[in-house]
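For reference, the structure is listed below as structure tokens.
Read the figures in this text as sums done on the coordinates, not as results from a lab. Just so it is clear, the structure is predicted and the values come from calculations on it, not from any experiment. Glycine also receives a Cβ, built like all others from the backbone with ideal geometry; neighbour counts cover every protein chain displayed.
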Amino acid sequence: VEASIPEPQREAWLKNQASGFKGKDQFEKEVVRHVETTLARSMFNCDETAAYAATSLAFRDRLVIEWNRTQQRQTFADSKRVYYLSLEFLMGRALDNAMLNIGEKEVAKSGLSELGFRVEDIIQQEHDAALGNGGLGRLAACFLDSLASLNFPAWGYGLRYRYGIFKQEIIDGYQVEVPDYWLDFNPWEFPRHDVTVDIQFYGNVNKTTDDSGKVTAHWEGGETVRAVAYDVPIPGYATPSTNNLRLWSSQAASGEFDFQKFNSGDYESSVGDQQRAETISAVLYPNDNLDRGKELRLKQQYFWVAASLYDIVRRFKKSKRPWREFPDQVAIQLNDTHPTLAIVELQRILIDLEGLDWDDAWNIVQQTFSYTNHTVLPEALEKWSVGLVQHLLPRHLQIIYDINLFFLQMVERNFPKDREMLSRVSIIEESQPKMVRMAYLAIVGSHKVNGVAELHSDLIRTTIFKDFVTIFGPDKFVNVTNGITPRRWLHQANPGLSSLIASKAGDPEHYLKDLTLLNKIELSVNDPAFRKAWAEVKLANKQRLADYIKSTTGIVVSPKALFDVQVKRIHEYKRQQMNIFGVIFRYLKLKSMSPEERKKVLPRVSIFGGKAAPGYWMAKQIIHLINSVGSVVNNDPDIGDALKVIFLEDYNVSKAEIIIPASDISEHISTAGTEASGTSNMKFVLNGGLIIGTCDGANIEITREIGEENIFLFGNLAEDVDDLRHKNTYGDHKIDPSLDKVFNVIQSGTFGNAQDFQGMVSAVREHGDFYLVSDDFHSYLETQELVDKSYADQELWITKCITSVARMGFFSSDRCINEYAEEIWNVEPLQPDTNNGVGKGE
Ligand code: C3B
């Protein structure tokens with residue numbers, strides 16, 4: 001049955017179109033209506049949770065109306081769409097973002113105040129949507145904001161995890177993981193119980209031959225799990241465009257099989273089937289930059305990819321275009337190798353279900369997909385054992401072997417003299433057991449491959465993917481330097497600075513959409529009133545963080561001290577251990593001073609935050625050392641305000657919004673060549689903080705943009721890392737004397753049982769110091785001294801900060817998304833003012 005309303009009845013629909021609130025009075029009316037009818041409460045029992053719920057629902061109504069219009073507009077225009085496939089979307093909170101993006105925060109503020117609430121308190125009620133680990137997931141969230149703000153027809157596809165990244169508690173200095181059940185009340189999603197896809201696993205493959213001799217493969221039997229769509233509206237900033245993030249949830253496919261079991265009294269096992277099905281989307285794997293090869297993870301990947309492709313293909317088929325036009329209508333971006341099975345799945349759909357020839361199908365596949373690499377760390381590059389793929393996805397393994405066969409034949413034709421190349425580039429690694437190399441499959445199945453910062457893109461071209469550059473030519477490998485959304489990371493997180501900037505750079509609606517307009521503030525760098533206001537904003541942000549530190553840790557820190565921040569996932573390559581060793585060195589130096597000398601030093605607050613993967617023993621040891629140093633230093637009466645060490649529990653997006661605007665200096669100190677880009681480095685500078693960093697990732701481009709006089713760079717270069725590692729392992733490995741001193745104090749038990757930190761010490765002293773902590777330590781300490789000296793000259797410091805912010809326009813994710821659109825996707829925005837005939841019937 002056709003679901004559309006016939007023409008004669010449409011008038012009644014148009015007359016009664018939903019509109020959502022306009023202005024403060026209607027906003028209040030909607031909030032009260034939701035409290036009284038949707039929530040069944042009243043003014044006599046409306047707490048902040050209820051006010052949050054009703055406010056969100058009022059805003060959701062607004063969003064959903066624009067979202068429907070946007071989808072209709074896109075369908076009608078039949079323009080090419082982008083599909084961003086990501087296993088992680090680290091969205092954070094939605095309410096504040098919705099208020100600001102649709103430009104109604106002031107309305108909400110005064111309306112809520114009349115109803116008896118403060119908008120800030122209501123915003124705090126929301127649980128973060130934390131469906132990601134770190135940089136990769138937050139990048140996907142920034143991209144969604146830019147795609148909507150720039151009016152691109154774009155969808156995100158992901159998994160609706162019941163449990164996002166765990167909540168971190170610190171108990172006696174140790175990390176404890178607590179499950180993050182976030183779906184109690186989530187007004188931002190729409191369950192689509194009518195949009196479902198049944199996904200097959202296991203089973204076997206049979207081949208049939210028709211009269212013409214054509215062989216067709218049939219994947220049969222096995223187990224079926226149902227994917228149900230949950231849609232999350234993504235509002236663009238200062239545009240009505242509202243895109244869709246579709247998250248799949250798994251549930252049992254109610255087949256006859258279940259009923260049989262149920263009727264025959266096998267109730268328990270039918271419930272068991274249901275629980276097994278639900279397990280697929282139950283939990284986000286909490287590893288950042290680490291692949292553990294678990295079967296359930298592969299199931300998650302195929303489940304999500306197959307449901308998404310089914311949806312994309314279904315939408316394409318409605319247009320009744322020939323298959324060869326698929327890449328003109330569809331661009332699919334693979335966020336890391338996690339969705340690489342989509343390449344195989346599309347090839348399967350085209351040859352097994354749609355009857356295309358292999359070559360025609362493969363051309364379509366290659367033109368449709370592109371792949372972003374986010375890391376060169378070997379432990380993060382995905383490989384799946386051939387046996388596991390064979391068991392779970394027997395038809396896909398056959399197709400992977402065929403893809404590989406044709407690829408290797410091509411390589412052999414073009415490079416007949418290089419026999420070794422074949423085994424180096426084979427998608428199947430001939431190891432024990434054999435493994436499927438997902439990055440190679442992603443490269444072979446895509447038309448473009450990109451890295452996420454210039455150094456990183458150079459490194460992938462010259463190291464891990466070198467042979468593929470030889471095979472496919474250099475044009476296939478491009479760089480798209482990461483970016484961040486200035487809406488969340490300036491306007492929302494730092495309203496004080498945003499409005500100060502607006503006083504020079506023009507309306508937020510303009511400069512937040514063309515961030516290069518920030519350069520206008522450089523004209524005011526010497527304006528005393530502007531500088532004073534700038535300093536006041538920073539101080540207020542530091543006070544806000546100091547209050548937060550007091551309320552969560554009980555520790556009092558002075559907002560006048562230098563705030564030194566390192567917040568990110570805990571990882572040896574990110575080198576929080578080097579930071580805490582540096583803090584210990586500072587502590588020892590303070591201890592050796594006379595009280596008079598000590599009074600003269602610039603006080604510093606060292607702030608850490610970040611989660612360790614639950615199975616990452618060394619990362620947990622680092623957290624423990626930071627907390628142990630904190631409890632000694634913070635309680636040492638000799639030290640007082642001169643040094644405080646703070647570990648902030650459960651670092652996440654909403655905490656980042658408080659921490660980042662308050663930093664004076666932040667640390668981005670990875671071993672050169674290991675951090676693909678980093679994105680928090682961009683956030684800190686955009687918020688008027690300076691950075692201390694290595695020549696790694698996007699730090700290099702930040703330096704190019706803001707000038708080397710405005711950044712504190714130190715340490716060895718990427719090109720020297722291999723030699724240093726070799727020397728550390730085979731040559732004479734002399735530990736830096738200052739670091740040796742620090743180690744001796746740790747081993748003397750100053751910070752608790754020395755045994756607890758033995759791993760961190762011996763990694764440097766005895767096990768080759770893979771991350772070059774000792775090699776960079778001297779340079780690090782010197783540069784920290786330079787930071788102290790520079791901060792003492794507040795006038796020069798403020799000049800550096802203003803100049804840097806003025807030059808950060810390049811790092812907007814809008815610039816980055818425009819590059820993807822032009823160089824990789826070949827898609828155009830769809831302006832919302834073009835009516836495209838919507839409303840006139842079909
Ligand atoms: C991260 C990288 O570690 C960061 O350098 C980079 O800025 C972001 O991706 C975004 O590109 N990354 C991650 O968070 N998880 C991975 N598995 C791999 C890379």
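Some points to look at:
- Close amide H pairs (under 5 Å, H built 1.01 Å from N) link L713 with G693, residues at least 5 positions away or on another chain.
- Working value for region 265-338: equivalent-ellipsoid semi-axes of 32, 21, 7 Å, each the square root of 5 times a Cα gyration tensor eigenvalue, largest first.
- Beyond 30 Å, the tail of the calculated P(r) for region 496-811 holds 33 percent of the Cα pairs.
- Projected label distance in nm at E522 and Y202, using a 7 Å step from Cα toward the beta-carbon: 6.3
- Test item: Cα-centred dipole of the chain, Lys/Arg +1 and Asp/Glu -1 on Cβ, debye: 780
- The H on the amide N of L245, modeled in the peptide plane, is under 5 Å from the matching H of G156, V232, I234, each at least 5 residues off or on a different chain.
- Additional length obtainable on full extension of the chain from E114 to V632, 0.36 nm per residue less Cα span: 181.7 nm
- Across region 809-816, rounded Karplus estimates of 3J(HN,Hα) from the backbone phi angles (6.51 cos²θ - 1.76 cosθ + 1.60, θ = phi - 60°) give x, 4, 8, 5, 5, 5, 4, 5 Hz, Gly and Pro being marked x.
- CD proxy at 222 nm, helix term only [per DSSP H run n ≥ 4: -39500 (n - 2.57); per residue of the chain; nearest 500]: -14000 deg cm²/dmol
- Note: region 734-800, Cα convex hull, 115 Å³ per residue.
- Note on the chain: Kirkwood radius taken over Cα pairs, Stokes-Einstein applied at 20 °C and 1.002 mPa s, translational D equal to 74 µm² s⁻¹.
- Of the beta bridges in region 365-463, as assigned by DSSP with both residues counted there, near 60 percent are antiparallel.
- Amide H contacts under 5 Å for V330, placed H, 5+ residues apart: R81
- Antiparallel DSSP beta bridges within the chain, as percent of all bridges there, nearest 5: 45
- Each residue of region 440-447 was assigned a 3J(HN,Hα) from its phi angle through the Karplus expression (A = 6.51, B = -1.76, C = 1.60, θ = phi - 60°), giving 5, 4, 5, 5, 5, x, 10, 8 Hz with x at Gly and Pro.
- Across K207/K261; K600/K620; K644/K789, pairs whose alpha-carbon gap is larger than 27 Å: K207/K261; K600/K620
- Those trypsin sites (Lys or Arg not before Pro) in region 184-223 that DSSP places in a loop and that have at most 14 other beta carbons within 10 Å: K214
- For region 483-544 and region 410-466, distance of Cα centres in Å: 44
- Stretching R297 away from K789 to a fully extended chain increases their span by 172.2 nm, per 0.36 nm per residue minus the current alpha-carbon distance.
- For region 506-518, 3J(HN,Hα) per residue [Karplus equation, 6.51 cos²θ - 1.76 cosθ + 1.60, θ = phi - 60°, Hz, x = Gly/Pro]: x, 3, x, 4, 8, 6, 6, 9, 9, 5, 5, 5, 3
- Equivalent ellipsoid semi-axes, region 17-156, via Cα gyration tensor eigenvalues times 5, rooted, Å: 29, 19, 12
- With R₀ set to 41 Å, the beta-carbon distance separating D475 from F316 gives a calculated FRET efficiency near 0.90.
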